[in-house]
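Reviewing the structure listed below.
The values are calculated or read from the model by the stated rules, or taken from the named source; none is laboratory data. What you see is a predicted model, and the numbers here were worked out from it, not measured in a lab. Please note: Cβ atoms are built from the backbone with ideal geometry, for glycine as well, and neighbour counts cover all protein chains shown. Only protein heavy atoms, including side chains, enter the accessible area calculation; ligands, DNA and RNA are left aside. Shrake-Rupley method; radii C 1.70, N 1.55, O 1.52, S 1.80 Å.
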Amino acid sequence: MSGYRAIAARTHDVPDGARGARSSGHDRDEPVARDPSARDTPNDLADRPRPRVHDAILPAVGGRDDLDRYIASQQDRFVAELRELCAIPCEASDKRALDTAARWCRDRLRAAGFADARELRVDGAPALVVGATGEGRRTLVGVQHYDVQPAVPLDLWKTPPYEPSQRDGAVYARGVDDNKGHLLLRMQAVEAHRAVFGELPIQIRFLIEGEEESGSPNLAKLLALEPRLTEADGALKEGGAIDSEGRPQLSLGGKGILYCHFRVRTMARDAHSGGATHYPNAAWRLTHALASLMGADGRVRIAGFYDAVRKPSATDQDLLERMPFDPTSVRAVVGIQRFAFGRSDGEATRASVFEPTCNICGVESGYNGPGSKTVIPAEATGKVDFRLVPDQDPEEIAALLRAHLDREGFGDVEFSAEEGEHPYRGAADAPLVRAVAAVAEEAFRKPAVLIPSSGGTSPMWVVCNARRMPNVTLGMGHPGAGAHAPNEHILLENYWRALRATSRLYSIFATQA
Ligand SMILES: [Zn+2]
């Protein structure tokens, strides 16, 4: 059972709180070595160096081989396809556009030789597009999505989000980085492989969902329609990025999430603040309840919260030590002198990979308009997300949270948990990871950086956990690509490199020890 469904069921047990608002708690992988807010900064184009138009496709690779030449010969068509896919405004609220995108992906898979490409459906949810091609000892499953984050606020876009624009060696559109560019280049890499190297020596199976940006609520149900869909030797995750030094970042896991809506009501209506001697204030109730969740040291105070946290393995520790982390620039982006909770640079790096969080996303109560209004609020609401690490279970954390509130005397504080996803951290010493590191280093000409877990969430537990399958990213997003933000874009130079790397992966993975 997926975390989401477990949590959805649980919300019936708790008083109905401020439900309805869809959280934005779920997001794509966010490499820790980079400032986590970089992707959310409006107008991130302002400070970034202008991309150069490249006169050659892969100049740094040094000399064009057959694969480079093939990619160069197809680049106009490949970019035209990217623009066509990105023109479909498939936000969660637009069912027709989601259907159009699903059909587009199914047809594109068929054109790339996935004869069985088809759409699977449950409960009116957006289709899961699946298809397989190639044959060999190993199977690689590509876990991707075609839905996108809402493009609002539109006025911050320099060109309309669904009229893909190509300029200065970049393509601008909502979803071009997260995740349509990555999705498409993995398909185009199949074509490139067949054209240059011949038949695929492995089976490649795509699982392309349409609800990733909403927390993948139906993915487990869709996969259960055909249990063999997740039988594979490794998973290529959505997305993927390079860091500010151009090093490919290979993410081997992601944190889970539990998103909670809090609500407390203390009176039938607001009251004159002269009555604050004896009327209960909802804002105070909520504030005290939230304050009970975490100490000033950043340690979550919910009993049992850390019980299931898996100790990092020796390999995890080793990867952590080798992870580049530039604390000064990470602090500079948000203008702080010190990390939260008195954490040292080393502690902050470690926590970003291995520690769960308790984060207040927003609080609302009483009067916050201009001037003053002396009032005792009768109601207060708040939103909190917990990013979870292996082997925390969102459903169990929700139960521990309820028990904590009751034990601390906050039985009147309601919460509903709408969204839950399990964390997943795959093995680092797997043939797939070695193969991806090799092809990424070849294409980007920089050492790959292995990240045991990013701070973000993706639905890999549902796909990988039963078989403890390795999973990894191989992509081209650059710092400031603006995923989830206005002016989202990719640099074509990186796109061609990632396409090259992916095409090579389909060969290398077949025999990688
Ligand atoms: Zn994504």
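Quick look at the numbers
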| read-out | value |
| --- | --- |
| Antiparallel bridge percentage (DSSP; both residues within the chain; nearest 5) | 70 percent |
| Over the chain: helical MRE at 222 nm, DSSP H runs n ≥ 4 each giving -39500 (n - 2.57), nearest 500 | -9500 deg cm²/dmol |
| Cβ-Cβ FRET estimate between D99 and R445, R0 fixed at 56 Å, reported to 0.05 | 0.85 |
| Estimated vicinal HN-Hα couplings, Hz - segment 195-205 in sequence order (Karplus 6.51, -1.76, 1.60; Gly, Pro = x) | 5, 9, 9, x, 4, 5, x, 9, 8, 10, 10 |
| Peptides 440-452, 484-496, 400-412, 265-277 ordered by average Cβ neighbours within 10 Å, highest first | 484-496, 440-452, 400-412, 265-277 |
| Kirkwood hydrodynamic radius (C-alpha pairs) into Stokes-Einstein, segment 349-431, 37 °C and 0.692 mPa s, D in µm²/s | 206 µm²/s |
| M294 accessible area, 1.4 Å probe, all protein chains in place, Å² to nearest 10 | 50 Å² |
| Pair-distance profile P(r), taking every C-alpha pair of segment 56-201, with 5 angstrom steps and integer % | 2, 9, 16, 20, 18, 15, 11, 6, 2, 1, 0 |
| Solvent exposure of the chain as accessible area per residue, Å², 1.4 Å probe | 40 Å² |
| Segment 285-369 - percent of accessible surface contributed by carbon and sulfur, probe 1.4 Å | 50 percent |
| R0 of 35 Å, Cβ-Cβ distance I336-R228: FRET efficiency to nearest 0.05 | 0.10 |
| Rounded to 10°, Cα long-axis angle of helix 345-354 versus longest principal axis of the chain | 80 degrees |
| Net lengthening on full extension, A268/R322 (0.36 nm per residue, minus Cα-Cα) | 13.7 nm |
| Long-range tail of P(r) for the chain (Cα pairs > 34 Å, %) | 37 percent |
| Three-way shape label, segment 428-513, alpha-carbon gyration tensor, a/c 1.5 | oblate |
| The chain: angle of helix 394-407 to the longest principal axis, Cα-based, in degrees nearest 10 | 10 degrees |
| Cα shape, segment 372-487, gyration tensor, a/c 1.5 rule | oblate |
| Within the accessible area of segment 198-238 (1.4 Å probe), percent carbon and sulfur | 49 percent |
| Global geometry of segment 180-244, whether rounded, prolate or oblate, following the gyration tensor of its Cα atoms and the 1.5 cut on a/c | oblate |
| Principal axis box of segment 246-308, alpha-carbon based, largest edge first, Å | 61, 28, 19 |
| Mean shadow area of segment 313-392, taken as a quarter of the surface of its Cα convex hull (nm²) | 8.5 nm² |
